[in-house]
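The next block holds one structure in the form of structure tokens; read it before the comments.
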Amino acid sequence: MSGLNRWLIRHFWAQLALSVVAATAVLLLLHATHPGSDWGLYGIPGGIGIGAVLYAQRRRQKELVGGTTEGLVRVEEALVKEQVPEEPRERAALSRVVEQRLKATRRRPVALALLYAMFGVIFAVIALSGGGPSLIVYGLIFAGSLFWITWAGGRQRGRLERMGSALGLREGARGSGTA
């Protein structure tokens, strides 16, 4: 798995392609009864949006580690393995990345509550409009997505907090969110 992770970090185009393929697969699943190219009209703007978000995030992360892809690979491996590097430059880069990510996730409980509410409202609208089979598909996708986002996000947040403690980041940098 770490080899795949390294390869994906080095090859931005692969991250983008996999994201577009996943978005297209979800659209095909949701609109399986619709003919042909309707889903493509939704998929193209979604793919462009996914690419823009991934590119901006990657550029910001590379700036934090010194502007190199290899630096980003080393920092990501250190985070996954939860190992603090000995070299001062790599340690400082990891510290910057951890601090930035902890700051970005400080409002996670509020964001999760809003996401749950949004999915609940969408599901209720589908149910009230006589959703039928699509209600089951949307329900499964919503439940799976919410479970995955909550579980994986909590796991990542815990990893970041442990790394922040190991790096000696100040308590204020980690924010007040505990989830």
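The values are calculated or read from the model by the stated rules, or taken from the named source; none is laboratory data. Computed from a prediction, not measured in an experiment: that's the story for all the values here. Ideal geometry is used to build each Cβ from the backbone, glycine not excepted, and the neighbour counts take in all protein chains shown. Accessible surface areas use protein heavy atoms only, side chains included; no ligands, DNA or RNA. Shrake-Rupley method; radii C 1.70, N 1.55, O 1.52, S 1.80 Å.
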*Order of 99-111, 137-149 by packing, highest average Cβ count within 10 Å first?*
99-111, 137-149
*What part of the accessible area of segment 71-130, given as a whole %, is carbon or sulfur when the probe is 1.4 angstrom?*
62 percent
_Going by average Cβ density within 10 Å per residue, which order do the peptides 62-74, 121-133 take, highest to lowest?_
62-74, 121-133
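Can you tell me the length gained on complete extension of the stretch SER145 to GLN100, counting 0.36 nm per residue apart and subtracting the Cα distance? Walk me through the intermediate numbers first.
Numbers: separation 45, 0.36 × 45 = 16.20 nm, distance 2.48 nm.
Gain in length upon complete extension: 13.7 nm.
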*Which FRET efficiency value, to the nearest 0.05, is calculated for ALA152 and ALA124 with the Förster distance at 22 angstrom and r the Cβ-Cβ distance?*
0.30
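If you count only protein heavy atoms with a 1.4 Å probe, what accessible area per residue comes out for segment 89-135, rounded to a whole Å²?
Numbers: 2940 Å² over 47 residues.
For segment 89-135, the solvent-accessible area averages 63 Å² per residue.
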